[in-house]
1. Residues to consider are GLY391, GLY381, GLY352; find the one that is on the phi > 0 side of the Ramachandran plot and at pLDDT 95 or above.
2. Being under 28 Å from ASP272 (Cβ atoms) and either out of contact with any Cys (no Cβ under 8 Å at 6 or more places or on another chain) or not basic (Lys, Arg) (or both) is the requirement here; does GLU330 meet it?
3. Among (1) crowded, with 23+ Cβ neighbours inside 10 Å; (2) touching a strand residue (DSSP E or B) at 6+ places or on another chain (Cβ under 6 Å); (3) not assigned by TED's automatic domain parsing to the domain that holds SER294, which single condition is GLY469 missing?
4. Within the range 171-185, does at least one residue satisfy the condition of being hydroxyl-bearing (Ser, Thr, Tyr), more than 17 Å from GLU472 (Cβ to Cβ), over 19 Å from the mean Cα position of the chain (by Cα) and at pLDDT 95 or above?
5. Would a scan of the range 35-51 turn up a residue that is closer than 30 Å to GLU124 by Cβ and part of a loop (DSSP other than H, G, I, E, B)?
6. Could you list, in sequence order, all residues of the range 398-410 that are under 27 Å from the mean Cα position of the chain (by Cα) and surrounded by 22 or more Cβ atoms within 10 Å (Cβ to Cβ)?
7. Restricting attention to the range 320-364, which residues are free of Cβ contacts under 8 Å to residues at least 60 places away in the same chain, under 29 Å from ALA271 (Cα atoms) and β-branched (Val, Ile, Thr)?
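The values are calculated or read from the model by the stated rules, or taken from the named source; none is laboratory data. Please read all numbers here as calculations on a predicted model, not as lab measurements. With ideal geometry, Cβ positions are generated from the backbone for all residues, glycine too; neighbour counts draw on all protein chains shown.
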Amino acid sequence: MTTADGAPAVPIADLFIDGKWCEGATGERFPVTDPSDGTTVAEFAVASDADCDAALEAAASAFPAWSATSPRARSEVLRRAFEILTAEADILAEIIVRENGKAWSDARAEATYATEFFRWFAEEAVRVPGEYRLSPAADKRIIVTHQPIGVSVLITPWNFPAAMATRKLAPALAAGCTTVLKPARETPLTAAYIVDAIARAGVPAGVVNLVTPKASGPAVTRMLAHPAVRKLSFTGSTEVGRTLLKQAADRVVSTSMELGGNAPLIVLPGADLDMAVEGAYIAKMRNGGSACTSANRFYVHDSLHDDFVEKLGNRLAAVVVGSGLDPANEVGALVSLYERDKVAELVDTAVGEGARVAVGGTKSETGAFYAPTLLTDVRHGSTINRSEIFGPVSAIVRFTEVDEAVSLANDSEAGLMAYVFGEEGQSIRLAQRLNAGMVAVNRGVVSDPAAPFGGTKQSGLGREGSSEGILEFLETQYIAVDA
Ligand code: NAP
């Protein structure tokens, strides 16, 4: 990271509590590592229980005033945050690359996507809907309004450290809620930079707080027991999501859950092969495969299978892999050696279960890199087909009947994302038979702040972005008045 005069800049690595950057009560720190070479990027402050309590209390104290601020005033803070981060998108992208390892193009795209949530929710802050009507019996007027839900705990993963934070912070602030953000341990620096941008945009003290406890499990359990907390918005694995749903039940805390995916990608007979290959490449390789929306289970019609494998294989074999700090590298590192080894293990298991490695299948000696990989002869129901790979591995299953592809695609606990390539009308009709919260037709990416993001089945509850995202932080209130 460099400053305007070219000197190396030290990223913020502290807690943010009640409008102040602070070290944390214990003075302890943990290293944030660059996964491409294992070097330490920064030592981040550990938040103790007392620090987490202080953050929640600051959020509780700030809530009455912030929730009473005019929607226009809140909108303007968000708009300024959008402008600040737009001007500083390269710095934000560099922080993302340093701690997450992803390719420069992915990090730069994430910086823009993340920043757009501030612009979108600056616009939504002033458009919260309401209702006023006569009851059917004509005995009263029905007024429906929305109130900010209260102190919100926001928990984010490492794979999109900027966008997953802004997709929660922006609607929460727009709605009038106050927040405590807990980012993933691997990527706190990006979260700190975003929180700093919001502070510079003029958000009052206590409205946004940032904590990084040493052990998330016990710390979050404790936070959810705090009487001020009314909302938990979580993005992460289904496994942790399930645990948090149970914990939220104790105090009937409202939850929004953006959980894991296992996206099918269907190539129908008659699909434009080049379009399908390019779309599949993007759907798989964006973010190096570490996306909840990543195409995971490829179902390719028999008539196109061999050509598809050859063309996608050639494309993957030509990918340049390396540090995200060099923009020429198309795919960066995975977030950790642990994640790299998890991907390697899944590929080894797939081979043991009969899959064939057509391209790749190797991990780096140093750094958390895994080669773009194409597996053929993968069996539906095999371990890799049932797992969220979270790495650059395309696992191909062949099918013969369209109805068969639909039932194979729907045969999963996950229901976040699906992709269909084929004649447009047929693909849209088929999309409606897929049990997924989002379906991309003849394209490799769907994410847009203006569109509802979220899943069905065990991929989650609720939606982020769009006009629905702000409703997750509002409670409906009905007022009855004599007619
Ligand atoms: P994860 O292990 O579930 O962690 C996510 C967050 O939860 C991190 O901040 C983590 O903190 C925290 N956490 C872990 N254990 C916890 C516990 N027992 N109680 C409370 N918090 C806890 O997920 P990940 O590996 O970071 O992210 C990958 C997963 O996220 C994938 O399954 C992916 O599909 C999913 N994801 C979903 C979406 C979506 O929109 N549906 C978007 C992105 C990612 P620590 O880091 O400190 O452990």
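1. On the way: GLY391 fails: on the phi > 0 side of the Ramachandran plot; GLY352 fails: on the phi > 0 side of the Ramachandran plot.
Answer to the check: GLY381.
2. Working: under 28 Å from ASP272 (Cβ atoms): yes; either out of contact with any Cys (no Cβ under 8 Å at 6 or more places or on another chain) or not basic (Lys, Arg) (or both): yes.
For GLU330, the condition - under 28 Å from ASP272 (Cβ atoms) and either out of contact with any Cys (no Cβ under 8 Å at 6 or more places or on another chain) or not basic (Lys, Arg) (or both) - is met.
3. Against the list (1) crowded, with 23+ Cβ neighbours inside 10 Å; (2) touching a strand residue (DSSP E or B) at 6+ places or on another chain (Cβ under 6 Å); (3) not assigned by TED's automatic domain parsing to the domain that holds SER294, GLY469 comes up short only on (2).
4. Taking the range 171-185 as the starting set, the residues that turn out to be hydroxyl-bearing (Ser, Thr, Tyr) are 178-179.
This time we only want the ones that are more than 17 Å from GLU472 (Cβ to Cβ), so: none.
Scanning the range 171-185, I find no residue that is hydroxyl-bearing (Ser, Thr, Tyr), more than 17 Å from GLU472 (Cβ to Cβ), over 19 Å from the mean Cα position of the chain (by Cα) and at pLDDT 95 or above, so the answer is no.
5. Here is the first cut: in the range 35-51, the ones closer than 30 Å to GLU124 by Cβ are none.
No.
6. Within the range 398-410, ALA409 is the sole residue that qualifies.
7. The answer is VAL320, VAL347, VAL351, VAL357, VAL359.
Yes or no, residue by residue, for (1) touching an Asp or Glu at 6+ places or on another chain (Cβ under 9 Å); (2) touching a residue at least 60 places away in the same chain (Cβ under 8 Å); (3) more than 16 Å from the ligand (Cβ to nearest atom):
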residue	(1), (2), (3)
LYS102	yes, yes, no
PRO136	no, no, yes
ILE142	yes, yes, yes
HIS146	yes, yes, yes
TRP158	yes, yes, no
PRO161	yes, yes, no
THR178	no, yes, yes
ARG185	no, yes, no
